[in-house]
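This report refers to the structure that appears directly beneath it.
The values are calculated or read from the model by the stated rules, or taken from the named source; none is laboratory data. Since we're looking at a predicted model, the values are computed, not measured. Every residue, glycine among them, receives a Cβ derived from its backbone with ideal geometry; neighbour counts consider all protein chains shown. Accessible surface is based on the protein model in full, side chains and every heavy atom, while ligands, DNA and RNA are left aside. Shrake-Rupley method; radii C 1.70, N 1.55, O 1.52, S 1.80 Å.
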Amino acid sequence: MTWLMRPDVTFKSMMNARRLRPVDLARLAGVSTQQIRNYEDAGILPPAARTASGYRVFEEVHRRALLAYRTLMKGYGPVTATRIMRTVHEGDVSGALAVVDATHAALHEERVSLHAASEALEVLAGQPPAPLPRSGGLRVGEVAALLGVRPSALRVWEAAGLLAPRRERGTGYRVYDPADVRDARFVQTLRRSHYLLGQIRPVLDELRREGSTEALRAAIAARGEALAGRTREMLEGAGALHDYLGVVSPVSAAGTTTGSTAGGPGPSPT
């Protein structure tokens, strides 16, 4: 699969344009020349023609691909951005757009989840801890089953300072009282909304100390702003992809080799 400019921009005119070296693209993106070669090998850039001596010949289409990828990367992340560009260069534009759609849908689900978490946490914070299925507290396995999480998750949350169940005399087993189970529900709800453990601790600390939900509201607002920022970056990336798709079109063709550079083979091919 070789990628050329749109039919109104002929291959000859493209080849007559200023050729770009790996270092030219590297300077444009602020990466190493090896990274530019890696980008081509990964399908992020369309296949480059080679001289008879084996040197890569980059053109305007590669510069545009590089700019599109770097812009996509900000909102979609390097893994998804690579998948999008590779799929485009495999000739499956519809497949690439499906990846874009799926990523936007996932972000929407995060926003819906955040709204639901906000409402649920406000309810939890405004009520006294709910009574447990039995008196005397629950063991770690029982709490895990009640919340639908693994016991190991509860232990991780405890190690992070988010939970502090008391220990049973004699056995040393963890015993979760109603307040501990409420805190575990808080952690579980915030984790589902992609909060880091370090972001959850100040929310719980204030709730325990003051009974206040101000830190909770601030944390949710900050998460909402982060999602909005990512949405803007994804829109910018989608715009860059749209511009790139406007100047390239896939054609099935054999790899193209240009004439050798003046002065003989020179150093080893790049």
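Mean 1/r over all different Cα pairs, inverted: what Kirkwood radius does region 140-186 give, in Å? Write down the numbers at each step before the final one.
Numbers: mean 1/r = 0.0939 Å⁻¹.
Kirkwood radius, region 140-186: 10.6 Å.
Compute the distance in nm between two label points, each set 7 Å from the Cα along the Cα-to-Cβ direction, one at Glu119 and one at Arg232.
2.8
May I ask you to give the percent of accessible area on region 75-229 that is carbon plus sulfur, with a probe radius of 1.4 Å?
On region 75-229, the fraction of accessible area on carbon and sulfur atoms equals 54 percent.
Describe numerically, in nm with one decimal, the distance between label points set 7 Å from Cα along Cα→Cβ at Val247 and at Ala105.
The two pseudo-label positions are separated by 3.2 nm.
Quick one: if the Förster radius is 35 Å, what FRET efficiency do Ala160 and Asn38 give, using the C-beta to C-beta distance and rounding to 0.05?
0.45
Taking only C-alpha pairs under 8 Å that are 6+ residues apart, what is the relative contact order of region 90-200 in percent? Intermediate values should be presented prior to the final figure.
Working: 79 pairs, mean separation 32.3, N = 111.
The value is 29 percent.
Report the charge-dipole magnitude of region 107-240 in Debye, nearest 20, computed about the Cα centre from +1 at each Lys and Arg Cβ and -1 at each Asp and Glu Cβ. Present the calculation step by step, with values, prior to reporting the outcome.
Details: 20 positive and 17 negative charges, 116 e Å.
Roughly 560 debye for region 107-240.
If you build the Cα gyration tensor of region 91-206 and take the root of 5 times each eigenvalue, what three semi-axes come out, in whole angstrom, biggest first?
Numbers: eigenvalues 245, 51, 32 Å².
Semi-axes, largest first: 35, 16, 13 Å.
If the chain between Arg167 and Ala52 were fully stretched, how many nm would it gain, using 0.36 nm times the residue separation less the Cα-Cα distance?
Length gained, Arg167 through Ala52: 33.9 nm.
So, in nm, how far is label Glu90 from label Arg150 when the simple model puts each one 7 Å beyond its Cα toward the Cβ?
3.1
Set the Förster distance to 25 Å, then compute FRET efficiency between Arg139 and Arg209 from the Cβ-Cβ distance, nearest 0.05.
On the way: r = 27 Å, r/R0 = 1.09.
Efficiency for this residue pair is about 0.35.
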